[in-house]
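Asker: Have a look at this one.
The values are calculated or read from the model by the stated rules, or taken from the named source; none is laboratory data. This structure is a prediction, so every number in the text was calculated from the model and none was measured. Glycine also receives a Cβ, built like all others from the backbone with ideal geometry; neighbour counts cover every protein chain displayed.
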């Protein structure tokens, strides 16, 4: 028996297919099978998408699902459910679990676990080096076979330039991008916030912007030489963005993502919140000038994707002083709404770019299926209600993580339903 | 006496205070000084109130000064040092705080190595919180006692030229002093070696220089900061001798300041590193006045935060 779902009445925004407007979308057996002005429902179930935006399923390139190893902070089940509630149909899971995702066995476990639970799809990211120790390459081919879509040592920037060179060369065999958390730790010294006027005032040590830019510059040079595919994770500074812009113009194969929090908050938030650990993440919140540069990069296309860097911690781990708190906030359930409310609604980001940054952009960066609702594409759809009014209440998150600087924010616009492979995996309760 | 009051239950820093609140604290401290000069140094103002001194970092001056202030005001005090406490057994800061709360203290005086810990406690506790130093962030009672000392010697704060020199980066004393002095209309210059001057500290409203001689020209007040030798492990400053040559205060250098200029130091001093003994022990030095004023300032803080009924025994 074939499963069919007809989405009717909504506004389709599919930049990759060049379709914006009233279209009816038919999903059959996990694929998009028809898109048109009029599509016969036939035996399909009809989903009334009136007043909703019909968008290609959102893909998050950067999340931490904590399983295996720290199931008290998040599990694959809670993480993928939270993703679906945030409008994401797919999530790329960073390898910094325990054990690290550096082997075929762990990678297969992640993929199979992801297939079993209801929610977004899971795409594992494999480690570049064994144990993320920066010393010995993992078996990229085996990881790719087990489902890895990219390689990264996550929070640990691969310092060893020679090793990075070989990683780019070897990863090319399997078409995998290398994802770098760009932070030269000899410059950042692990400081808990951004170095600037606010850190000077608060007496906290700071990570200078150049710690990110210097790392990006080195990575770009190695990528250029090897023709490797570099993806810069959670890019946060104007300097680093400028380097990526120039590298793209020079034909270097580089993509980058930014997070919602770096687009709407600055380091002043640390002071305003009186050292709340909800404002501590890595890279840290930067300055107004960085934020403005990132906004420009979203619109002009230098930035390929918006990613959450969803990094749940147990409340006890965050209920400590600012210096010793772990880096990281949750983001899956607020990302799209925050960006829509603060940027799209306020005319700072066109709707088509919004759709592309959450779907086509990330799909292209990692070479993933989806990112469009053209015929033949996976039936992964984000239905977004541009009029939804809601207040961020972390206690209602499906994620186990509660730490977010957006707690209490009143937002307009939010996910209404999430469809993965033609099945509604999450729906707002009132719909 | 008539006192106004502070707007909050806590003293977390000088930054949130208004000039009126600063003046209130200084005036109250002035009237507290008399108590220390009596034969019987005790008034019943805070009888029955409990103050916990929670020190996660070593302190001699500040802790003794708070304890003295508590005793003279008749508060009951409990001393907690991280060493030998349940913190060493792995208790979290939040649990320590909750356990303290269960004993219903009225006020907690906290010293901690990390910025923002007093703010964290203030969010979680019903008791008032006094910041006795949080990392390199603030040390409000130090700035208040410095201001009291300056006012006593020079009669005012407004319009004075104050030079603060030394390890600016790691100093909570300098940040609280910048807030206080700029709010009260003094002109502040901070000076130190480039490796110990945080970038953009000038955005706090101060002049910044690495030239110590220039910084001393025409100063009314010279405040020397302690060189935090324990933090200089890496590539901060090559040698103590080189530091003293460029940033040490001796009598010859001090002659660039105004003739009536005073010299201050929050202690503990490194003689021969940031300050020469010929200056530290001279008539220009008000370093011991600072210590004496510390008790009066802390009495004022405790008294005002605990809602101070009129001082009994005052005429």
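Asker: Do any helices (runs of 4 or more DSSP H) entirely within region B:99-210 hold 1 or more residues that are facing chain A (nearest Cβ under 9 Å) and either surrounded by 24 or more Cβ atoms within 10 Å (Cβ to Cβ) or within 16 Å of the chain's Cα centre (by Cα) (or both), and if so, which?
Answerer: Details: elements: B:117-124, B:140-154, B:172-183.
In region B:99-210, B:117-124, B:172-183 are the helices (runs of 4 or more DSSP H) which contain 1 or more residues that are facing chain A (nearest Cβ under 9 Å) and either surrounded by 24 or more Cβ atoms within 10 Å (Cβ to Cβ) or within 16 Å of the chain's Cα centre (by Cα) (or both).
Asker: Against the definition (over 17 Å from residue B:150 (Cβ atoms) and within 14 Å of chain A (Cβ to nearest Cβ)), how does residue B:229 come out, yes or no? Quick ask: steps written out before the conclusion?
Answerer: Working: over 17 Å from residue B:150 (Cβ atoms): yes; within 14 Å of chain A (Cβ to nearest Cβ): no.
No: the conditions fail for residue B:229.
Asker: Considering only residues that are touching a residue at least 40 places away in the same chain (Cβ under 8 Å), more than 7 Å from every other protein chain (Cβ to nearest Cβ) and surrounded by fewer than 24 Cβ atoms within 10 Å (Cβ to Cβ), which ones fall in region A:192-205?
Answerer: Listed by number, the list holds a single entry, A:198.
Asker: Looking only at region B:37-55, count every residue that is in a loop (DSSP other than H, G, I, E, B) and surrounded by 22 or more Cβ atoms within 10 Å (Cβ to Cβ) and tell me the total. I'd like the intermediate steps shown before the answer.
Answerer: From region B:37-55, those in a loop (DSSP other than H, G, I, E, B) are B:37-49; that's our starting set.
Then drop every residue that is not surrounded by 22 or more Cβ atoms within 10 Å (Cβ to Cβ), which leaves B:45-46.
So the count comes out to 2.
Asker: In region A:156-171, what residues are surrounded by fewer than 18 Cβ atoms within 10 Å (Cβ to Cβ) and in contact with a helix residue (DSSP H, G or I) (Cβ under 7 Å, 6 or more places away or on another chain)?
Answerer: Scanning region A:156-171 gives A:161, A:165, A:169.
Here's the yes/no breakdown for (1) within 14 Å of another protein chain (Cβ to nearest Cβ); (2) under 19 Å from residue A:295 (Cα atoms):
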site	(1), (2)
A:187	yes, no
A:230	no, no
A:247	no, yes
A:251	no, no
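Okay, residues lined up against (1) within 15 Å of the chain's Cα centre (by Cα); (2) closer than 16 Å to residue A:149 by Cα:
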{"residue": "A:66", "(1), (2)": "no, no"}
{"residue": "A:74", "(1), (2)": "no, no"}
{"residue": "A:85", "(1), (2)": "yes, no"}
{"residue": "A:91", "(1), (2)": "yes, yes"}
{"residue": "A:97", "(1), (2)": "no, no"}
{"residue": "A:105", "(1), (2)": "no, yes"}
{"residue": "A:110", "(1), (2)": "no, yes"}
{"residue": "A:120", "(1), (2)": "yes, yes"}
{"residue": "A:128", "(1), (2)": "no, yes"}
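Asker: Scan region B:237-251 residue by residue and report those that are in a helix (DSSP H, G or I) and farther than 16 Å from residue B:168 by Cβ. Give the derivation first.
Answerer: Going through region B:237-251, the residues in a helix (DSSP H, G or I) turn out to be B:240-247, B:251.
Residues satisfying the conditions are B:240, B:241, B:242, B:244, B:245, B:251.
Asker: Where residues in region B:11-45 are out of contact with any strand residue (DSSP E or B) (no Cβ under 6 Å at 6 or more places or on another chain) and within 14 Å of chain A (Cβ to nearest Cβ), which of them is farthest from residue B:172 (Cα to Cα)?
Answerer: In the first step, residues of region B:11-45 are kept if they are out of contact with any strand residue (DSSP E or B) (no Cβ under 6 Å at 6 or more places or on another chain); the result is B:14-45.
Okay, now just the ones that are also within 14 Å of chain A (Cβ to nearest Cβ), so B:14-16.
Details: B:14: 11, B:15: 12, B:16: 15 Å.
That would be B:16.
Asker: Next question, about the same structure. If I ask for residues that are within 14 Å of chain B (Cβ to nearest Cβ), out of contact with any strand residue (DSSP E or B) (no Cβ under 6 Å at 6 or more places or on another chain) and in contact (Cβ under 8 Å) with a residue 60 or more places away in the chain, which ones from region A:273-303 would you list?
Answerer: Of everything in region A:273-303, those that are within 14 Å of chain B (Cβ to nearest Cβ), out of contact with any strand residue (DSSP E or B) (no Cβ under 6 Å at 6 or more places or on another chain) and in contact (Cβ under 8 Å) with a residue 60 or more places away in the chain turn out to be A:273, A:275, A:276, A:277, A:278, A:279, A:280, A:287.
Asker: Here is a list: B:34, B:58. Which entry is surrounded by fewer than 17 Cβ atoms within 10 Å (Cβ to Cβ) and modelled with pLDDT of 90 or more? I'd like the intermediate steps shown before the answer.
Answerer: On the way: B:58 fails: modelled with pLDDT of 90 or more.
That would be B:34, the only listed residue that is surrounded by fewer than 17 Cβ atoms within 10 Å (Cβ to Cβ) and modelled with pLDDT of 90 or more.
Asker: While we're on this one: Based on this model, can you work out whether residue A:88 counts as in contact with a helix residue (DSSP H, G or I) (Cβ under 7 Å, 6 or more places away or on another chain) and within 26 Å of residue A:308 (Cα to Cα)? Even if it seems obvious, please write down each step before you answer.
Answerer: Details: in contact with a helix residue (DSSP H, G or I) (Cβ under 7 Å, 6 or more places away or on another chain): no; within 26 Å of residue A:308 (Cα to Cα): yes.
So residue A:88 fails the test.
Asker: Looking only at region A:18-44, which residues are within 20 Å of residue A:362 (Cβ to Cβ) and either modelled with pLDDT under 95 or in contact with a helix residue (DSSP H, G or I) (Cβ under 9 Å, 6 or more places away or on another chain) (or both)?
Answerer: If the condition is that a residue be within 20 Å of residue A:362 (Cβ to Cβ) and either modelled with pLDDT under 95 or in contact with a helix residue (DSSP H, G or I) (Cβ under 9 Å, 6 or more places away or on another chain) (or both), then A:20 is the only one that fits.
Asker: How many of the residues making up region B:211-225 are in a helix (DSSP H, G or I) and on the phi > 0 side of the Ramachandran plot? Give the steps one after another, and end with the answer.
Answerer: Let us first name the residues in region B:211-225 that are in a helix (DSSP H, G or I), namely B:212-216.
Those still in the list that are on the phi > 0 side of the Ramachandran plot too: none.
Summing the residues that are in a helix (DSSP H, G or I) and on the phi > 0 side of the Ramachandran plot in region B:211-225 gives 0.
Asker: When you scan region A:242-265, do you find a residue that is on the phi < 0 side of the Ramachandran plot, free of Cβ contacts under 8 Å to residues at least 24 places away in the same chain and either more than 24 Å from the chain's Cα centre (by Cα) or surrounded by fewer than 24 Cβ atoms within 10 Å (Cβ to Cβ) (or both), even just one?
Answerer: Going through region A:242-265, the residues on the phi < 0 side of the Ramachandran plot turn out to be A:242-250, A:252-265.
Now narrow it down to the ones that are free of Cβ contacts under 8 Å to residues at least 24 places away in the same chain: A:246, A:249.
Filter once more, so that each one left must be either more than 24 Å from the chain's Cα centre (by Cα) or surrounded by fewer than 24 Cβ atoms within 10 Å (Cβ to Cβ) (or both): A:246, A:249.
Yes: one or more hits.
Asker: Could you count how many residues in region B:1-31 are modelled with pLDDT of 95 or more, touching a helix residue (DSSP H, G or I) at 6+ places or on another chain (Cβ under 6 Å) and part of a loop (DSSP other than H, G, I, E, B)?
Answerer: Total meeting the criteria: 5.
Asker: Checking the condition over 19 Å from residue A:412 (Cβ atoms) and at pLDDT below 95, which residue from A:319, A:305, A:296 passes?
Answerer: Numbers: A:305 fails: at pLDDT below 95; A:296 fails: at pLDDT below 95.
Answer to the selection: A:319.
Asker: Might you check whether a residue that is modelled with pLDDT of 95 or more, over 24 Å from residue B:187 (Cα atoms) and crowded, with 19+ Cβ neighbours inside 10 Å occurs anywhere in region B:242-253?
Answerer: no
Asker: Moving to a separate point now. Considering only region A:38-61, I want to know if a residue exists there that is on the phi > 0 side of the Ramachandran plot, without any contact (Cβ under 8 Å) to a residue 40 or more places away in the chain and not in a helix (DSSP H, G or I).
Answerer: Filtering region A:38-61 for residues on the phi > 0 side of the Ramachandran plot gives A:42, A:51.
If we keep only those that are without any contact (Cβ under 8 Å) to a residue 40 or more places away in the chain too, we end up with A:42.
Imposing the further condition that a residue be not in a helix (DSSP H, G or I) reduces the set to A:42.
Checked against the condition, which is being on the phi > 0 side of the Ramachandran plot, without any contact (Cβ under 8 Å) to a residue 40 or more places away in the chain and not in a helix (DSSP H, G or I), region A:38-61 yields at least one hit.
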